[in-house]
Amino acid sequence: MKTWGAVLTAMITPFTPTGEVDYAAAGTIAKYLVANGSDGLVIAGSTGEGAVMSTEEKLELFRTVRAAVGPDIHLVGNTGSNDTRKSVEFTRAAAATGVNACMAVVPYYNKPTQEGSYRHFREIAAATDLPIILYNVPGRTASSITPETIVRLANDAENIVAVKEASGNLVQIAEIARTAPQDFMIYSGDDSLTLPILSVGGCGVISVVGHVVGKELNELVTSFLAGDRERALALHKELLPIMQEMFFIANPIPIKEAMGLLGLPAGDFRLPLVHADAKEMQRIRDIVAKYRNI
């Protein structure tokens, strides 16, 4: 099975108290993740608060993380938006930063038809030789992309090679696996559904909890793909509590606070996201303490 790795962690972005991107801290976090179970990183996605970052900030973050982790770690830059022209321009610029691939979300707010989504992604793919990951997350975008459109894109654009599936619809994901080209990669976009998605043809996970339990999550995926289903199931059961608790309020608030509890320079948030309150922090502390000494 083709894969870019078992766990690609959707990395948080640290901000300074005055709201600037803390690039030095980002490099520290990237190195920590790579040393603790991440085969690759997705930069400036939802977990990285990419929606409140400028194009220039994101490009500099791509360059910073590449410099921090070296040439061999698979880096995915999130370059998609709900504006096709801006997404195309950003994707072209990202190609010069050292990322290995780009990720593009189903356009949010606009609610395009399937034909509109198809043309959107075709324009992005035509702008670069880099591989493209489609990102289907209807809970955030209010739009979805169907298996038929995904397969059409995979067949029509040779550099559309993967999907991050966060629809929560296992039947849809199974249909993609059944009908897409054999080497098309399906990454779980929902930590708690990683094992079920693997069971219908997935190849790994683009993870949030990989920040805290990356090694265990990596073992879950690699065990399943190696045929050790019993070990994968045991790890799924072990990790399910943190997979659920890290989303009790909006991502990335819990996972960013969790990284701070681990002593990493997670930094501040940009509005409209804010730090967890005292009650929320205690809940985050309680779940992290089940897996790590804090």
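Considering only region 197-251, state which residues are closer than 24 Å to Ala276 by Cβ, touching a Ser or Thr at 6+ places or on another chain (Cβ under 7 Å) and assigned to a helix (DSSP H, G or I). Passing the criteria: Gly210, His211, Gly214, Leu217, Leu240, Met243, Gln244. If you go through region 239-266 and pick out every residue that is over 12 Å from Ile284 (Cα atoms), open to solvent by 10 Å² or more (accessible area, probe 1.4 Å) and touching a helix residue (DSSP H, G or I) at 6+ places or on another chain (Cβ under 7 Å), you end up with 3. For beta carbons closer than 9 Å, sequence separation of 6+ or different chains, a first residue in region 49-68 that is under 15 Å from Arg92 (Cβ atoms) and a second that is open to solvent by less than 30 Å² (accessible area, probe 1.4 Å) and aromatic (Phe, Trp, Tyr), the qualifying pairs are Thr55/Phe90; Lys58/Phe90; Leu59/Phe90. Of the set (1) open to solvent by 40 Å² or more (accessible area, probe 1.4 Å); (2) part of a loop (DSSP other than H, G, I, E, B); (3) at pLDDT 95 or above, all apply to Asn293 but (3). Of all positions in region 24-39, none carries a residue that is modelled with pLDDT under 95 and buried (at least 17 other Cβ atoms within 10 Å of the Cβ).
Restricting attention to region 135-162, the residues that are in contact with a helix residue (DSSP H, G or I) (Cβ under 6 Å, 6 or more places away or on another chain), of a type outside the set (Gly, Ala, Ser) and closer than 21 Å to Thr3 by Cβ add up to 6. Considering the conditions (1) in contact (Cβ under 8 Å) with a residue 40 or more places away in the chain; (2) in a helix (DSSP H, G or I); (3) of a type outside the set (Lys, Arg); (4) closer than 21 Å to Arg283 by Cα, Thr194 is excluded by exactly one of them, (4).
With respect to the conditions (1) more than 15 Å from the chain's Cα centre (by Cα); (2) more than 14 Å from Ile160 (Cβ to Cβ); (3) of a type in the set (Phe, Trp, Tyr), Phe62 lacks only one, and its number is (1).
Mind telling me which of the residues Glu165, Glu175 ends up being within 26 Å of Met259 (Cβ to Cβ) and in contact (Cβ under 8 Å) with a residue 12 or more places away in the chain? Don't jump to the end; show me each part of the working.
Working: Glu175 fails: within 26 Å of Met259 (Cβ to Cβ).
Being within 26 Å of Met259 (Cβ to Cβ) and in contact (Cβ under 8 Å) with a residue 12 or more places away in the chain holds for just one of Glu165, Glu175, which is Glu165.
Figure legend. Inter-residue proximity from region 114-140: first residues within 22 Å of Gly50 (Cβ to Cβ) and in contact (Cβ under 8 Å) with a residue 24 or more places away in the chain, second residues open to solvent by 30 Å² or more (accessible area, probe 1.4 Å) and outside any helix (DSSP H, G or I), beta-carbon distance below 6 Å, spacing 6+ or different chains. Indicated pairs: Thr128/Ala95; Leu130/Ala95; Asn136/Ser167; Pro138/Ser144; Pro138/Ser167. Per the listing Thr47, Thr3, Thr13, the residue uniquely part of a loop (DSSP other than H, G, I, E, B), in contact with a strand residue (DSSP E or B) (Cβ under 7 Å, 6 or more places away or on another chain), modelled with pLDDT under 95 and hydroxyl-bearing (Ser, Thr, Tyr) is Thr3. If the condition is being crowded, with 18+ Cβ neighbours inside 10 Å and of a type in the set (A, V, I, L, M), then region 214-229 contributes Leu217, Leu220, Val221.
For Ile287, state whether it is assigned to a helix (DSSP H, G or I), touching a residue at least 12 places away in the same chain (Cβ under 8 Å) and either within 15 Å of Thr47 (Cα to Cα) or hydrophobic (A, V, I, L, M, F, W, C) (or both). Yes.
The values are calculated or read from the model by the stated rules, or taken from the named source; none is laboratory data. Predicted, not measured: the structure shown is a model, and the values here were computed from it. A quick note on method: Cβ atoms are made from the backbone with ideal geometry, for glycine too, and the neighbour counts reach across all protein chains shown. Protein only, heavy atoms only, side chains kept; ligands, DNA and RNA dropped before computing areas. Shrake-Rupley method; radii C 1.70, N 1.55, O 1.52, S 1.80 Å.
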